[in-house]
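The values are calculated or read from the model by the stated rules, or taken from the named source; none is laboratory data. Note that this is a predicted model, so its numbers are computed, not measured. Note that we place each Cβ from the backbone using ideal geometry, even for glycine, and neighbour counts take in every protein chain shown. These area figures cover heavy atoms from the full protein model, side chains too; ligands, DNA and RNA do not enter into them. Shrake-Rupley method; radii C 1.70, N 1.55, O 1.52, S 1.80 Å.
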Amino acid sequence: MSVEIKFQKLATDNAPGQEVRQKSSDLDARFIGEPLTGRPVDFSHGDVDAHAPAPASFEAFSAGVSKGGTQAYTEYRGDREIREAVGTRLAAFTGAPVNADDGLIITSGTQGALFLAVAATVTRGDKIAIVQPDYFANRKLAEFFEAEIIPVQMAYETTTDHAGLDLGQLEDAFRAGARAFLFSNPNNPVGAIYSADEISQIATLAGRYDATVIVDQLYSRLCYDGADYTHLRAEDMDPENIVTIMGPSKTESLSGYRLGVAFGSPTIIARMEQLQAIVSLRAAGYCQAVLRTWFNEPDGWMADRVAQHQGIRDDLLTVLRGIPGCSTRSTQAGSYIFPKLPELTLTPMDFVKALRLQAGVIVTPGTEFSPYSARSVRLNFSQDHSAAVAAMKRMAALIERYRA
């Protein structure tokens, strides 16, 4: 694969914050009606101004700055004391021991952790199983490292009590030589939680075929309606074959600090440290101090955060379900809704552009997550509650304007 082709596959026009780079002059003549007024809402990512960062986070950052050089220049895998504190909390949360010394690394965001984990696991020609739909970076990273992707479908639209992963396809992928499986739980963009049975079977299959599993659990603290969550790493599988990725950027609104954590296989974590040493040296030293507040919030804070997001989810689903021909699964965890739109006179991509230009509403097209999701869009509902509902109503009005 040439360098040109490799980077063409990393197209960023539809990534959060990149929408302004899209060209839309050819659409002007096809627009119907006047623009809809209202406060602009960017559903491509969460609004950290609407949901305040976890308490004491800035104070922890300031203390890191005051500490000076010993905080600025940590080990490449992160400050040892912070790793130990975080490891203890993650072990309690996930139900399995965490080796903070050899089995945990602090990274530049969970995105950085994902890059390092994939780079430390697959190389050119390797086969990797990836869920469709799933987080868009999974596919792009596999392509960048010139791995062969084996897609595994998730029938999320036809079930409500589990994610809908096709476990037969997953076994076929392992049988065909996939040496790694990469997925998010809860699923991004759908918001579905993998059932205990699905997680158990993933662990069983990975063990049977000696495959490495990289699981992104970024939103595993933000579960609704008392939903059960099963941690893969607590299942009976070889700890050398699993890496779990988490971080405080979303639920805790700490994305500006760019912090992530990967924990699991000491072999893979060591490789990730070697890569981080030549990519960024370490996660920003002063920012690492903010992890002292993670899983250490005041009593009741997390319950309030979940309740706030569940309220937004419920009101947006009410609007969506009032649109004829629009279908969506209720989000079980995380801050994403992935509705399937009715047939429109505009192509799905052109409708996404019209939505931004005529209604002040930014969403992410479904094709970022699966080639089979062209009529779907992803919305991050971690927004100001009233502004999000008003924006969803403008989206509903625009759907009617362009209904086929």
Original post:
Does Ile130 count as within 13 Å of Phe183 (Cα to Cα) and open to solvent by 20 Å² or more (accessible area, probe 1.4 Å)?
Top reply: no
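So which strands (runs of 3 or more DSSP E) stay within segment 103-177 end to end and still have 2 or more residues that are within 19 Å of the chain's Cα centre (by Cα) and farther than 26 Å from Gln332 by Cβ?
Passing ranges, in order: 104-108.
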**OP:** Return yes or no: is Gln169 open to solvent by 30 Å² or more (accessible area, probe 1.4 Å) and either among the aliphatic types (A, V, I, L, M) or within 20 Å of Met246 (Cβ to Cβ) (or both)?
**Re:** no
Subject >> Scope segment 216-251; condition free of Cβ contacts under 8 Å to residues at least 40 places away in the same chain, over 16 Å from Ala117 (Cβ atoms) and among the aliphatic types (A, V, I, L, M); matching residues >> reply: Met237
Subject >> Failed condition for Thr107, given (1) touching a residue at least 12 places away in the same chain (Cβ under 8 Å); (2) among the hydroxyl-bearing types (Ser, Thr, Tyr); (3) surrounded by fewer than 17 Cβ atoms within 10 Å (Cβ to Cβ) >> reply: (3)
**OP:** Would you check if there is a residue in segment 370-378 being part of a helix (DSSP H, G or I) and surrounded by 20 or more Cβ atoms within 10 Å (Cβ to Cβ)?
**Re:** no
**OP:** Filter segment 72-104 down to residues that are buried (at least 18 other Cβ atoms within 10 Å of the Cβ) and either of a type in the set (Lys, Arg) or modelled with pLDDT under 95 (or both) and give me whichever is nearest to Ile278 (Cα to Cα).
**Re:** Arg77
**OP:** Could you list all residues from segment 26-80 that are part of a helix (DSSP H, G or I), of a type in the set (Gly, Ala, Ser) and closer than 30 Å to Ala100 by Cα?
**Re:** Ser57, Ala60, Ser62, Ala63, Gly64, Ser66, Gly69, Ala72
Subject >> Residue check, Ile199 more than 20 Å from Ser370 (Cα to Cα), among the aliphatic types (A, V, I, L, M), in a strand (DSSP E or B) and at pLDDT 95 or above >> reply: no
**OP:** Tell me, please, whether a residue that is in contact with a Cys (Cβ under 7 Å, 6 or more places away or on another chain) and either of a type in the set (Phe, Trp, Tyr) or modelled with pLDDT of 95 or more (or both) can be found in segment 212-229.
**Re:** yes
**OP:** Mind listing whichever residues of segment 225-250 are open to solvent by 10 Å² or more (accessible area, probe 1.4 Å), assigned to a helix (DSSP H, G or I) and out of contact with any Lys or Arg (no Cβ under 9 Å at 6 or more places or on another chain)?
**Re:** Arg233, Ala234, Glu240, Asn241
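Of the residues that sit in segment 181-205 and are among the small types (Gly, Ala, Ser) and surrounded by 24 or more Cβ atoms within 10 Å (Cβ to Cβ), which one is nearest to Ala142 (Cα to Cα)?
It comes out as Ser184.
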